[in-house]
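Since every read-out is calculated from the coordinates, none of them should be taken as a lab result. In this text, all values refer to a predicted model and were calculated from it rather than measured experimentally. Neighbour counts are summed over all protein chains in view; Cβ atoms, including those assigned to glycine, are modelled from backbone coordinates with ideal geometry.
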Amino acid sequence: MIRQILAIALLTTSVQVAKAQSMVGSTCAPSASGLTKCEFDEVVAKIDRIYRPQFATLGGHLWLRANWKSNDLNAHANEYGPYWMVSFTGGLARQPRMTRDAFAMVACHEVGHHLGGAPQMMLLPLSNEGEADYFTTLKCSREFFADEDNAGALRGTLVDRYAADECKKSFATSPERLICLRSVMAAKRLVEVLQVINKDATKISFRTPETKPASIFSGFSHPKAQCRLDTFLNGARCGVPVKTALSATSYEAGSCDRKDEPPNEGSRPRCWFRP
Ligand SMILES: [Zn+2]
């Protein structure tokens, strides 16, 4: 609890700033295990509200398929001409340690396949798995949490001190720092839930980034758990404004990567990305 209070104090330069934030957030009763249908519907509706107009601007029609009744552990994205599909199941949302924030990161990842830009999959016009993760905290979580009481949400979370310090270093204002920290804590929970599903007992930590570089090219499949955590942290630390879009033809646009410059703390981790 002390660690949590310390981190909040580090991030909140003025109580007034936090209180001035909108109190809009979940209106659902919290659940002790996994999401309730109310929370599931709420996340899906918010993703729809944020991204339907953005998809339309790019010529796509957001096709949201949310199947609460399905017990499948599934979420995916695909494109069928102008219909850009994003799909989720209740089975994934009902995983015992899944939270509303972590499930929002699932939704953001799937949206990221459509809006994450380069690098893309080899045979599909979709951002690859690493890029969808990068988009999640670089763009989507910032929009998703923008109108919420982020200080209040973090009060119920065991906050990681290292991540809190990194967010503090990366951003000058309290609202930005709070969204950065809320995003990476939500993403860490998601990675942990997926590790349980995948029976992956590997220890992950913000303090121990993957150092082994990607083999030949930016991969097609999901990076390993630690590499995914690194991607979520780096996306959250990148200071490029949320409204600066990523691009399918340039990995520099909207991101913290620059050609001919070494990677920085906001770059795509080299455990999956080969510029
Ligand atoms: Zn994916």
Long-range HN-HN contacts of A75 with modeled amide H, under 5 Å: none
Radius 10 Å from Cβ of W272, net charge of other residues (Lys, Arg +1; Asp, Glu -1): 0
Extended-chain gain in nm, criterion 0.36 nm per residue less alpha-carbon gap, T244 and A45: 69.3 nm
For segment 28-71 and segment 238-256, distance of Cα centres in Å: 24
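For a Förster distance of 41 Å, can you work out the FRET efficiency between the beta-carbons of Y162 and Y83, rounded to the nearest 0.05?
Numbers: r = 42 Å, r/R0 = 1.01.
Rounded to the nearest 0.05, the efficiency is 0.50.
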Label-point separation in nm, R155 to L124, each point 7 Å along Cα→Cβ: 4.1
Phi to ³J(HN,Hα) by Karplus 6.51 cos²θ - 1.76 cosθ + 1.60 over segment 160-167, Hz, x for Gly, Pro: 7, 5, 4, 5, 4, 5, 5, 5
Value of Rg/Rh across the chain [Cα atoms, Kirkwood radius]: 0.94
Alpha carbon Rg of segment 168-275, scaled by the compact-globule rule 2.2 N^0.38 Å: 1.10
Distance histogram for segment 38-146 (every C-alpha pair counted, 5 angstrom bins, percent rounded to whole numbers): 2, 13, 24, 26, 20, 10, 3, 0
Segment 141-157 - phi-based ³J(HN,Hα) in whole Hz, Karplus 6.51/-1.76/1.60, Gly and Pro as x: 5, 5, 7, 5, 8, 4, 9, 10, 7, 6, 5, x, 5, 6, 4, x, 10
Amide hydrogen neighbours beyond the local backbone of S267, cut-off 5 Å, H modeled: none
FRET E, pair K203, H61, Förster distance 45 Å, beta-carbon r, rounded to 0.05: 0.60
Options G152, V193, A172, ranked by Cα towards positive dipole end of segment 137-205, top entry (Cβ charges): V193
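Order by neighbour count: M105, M98, M121, fewest other Cβ atoms within 10 Å first, most last. Each step should come with its number before you reach the end.
On the way: M105 28, M98 24, M121 16.
Ordered by Cβ neighbours within 10 Å, fewest first: M121, M98, M105.
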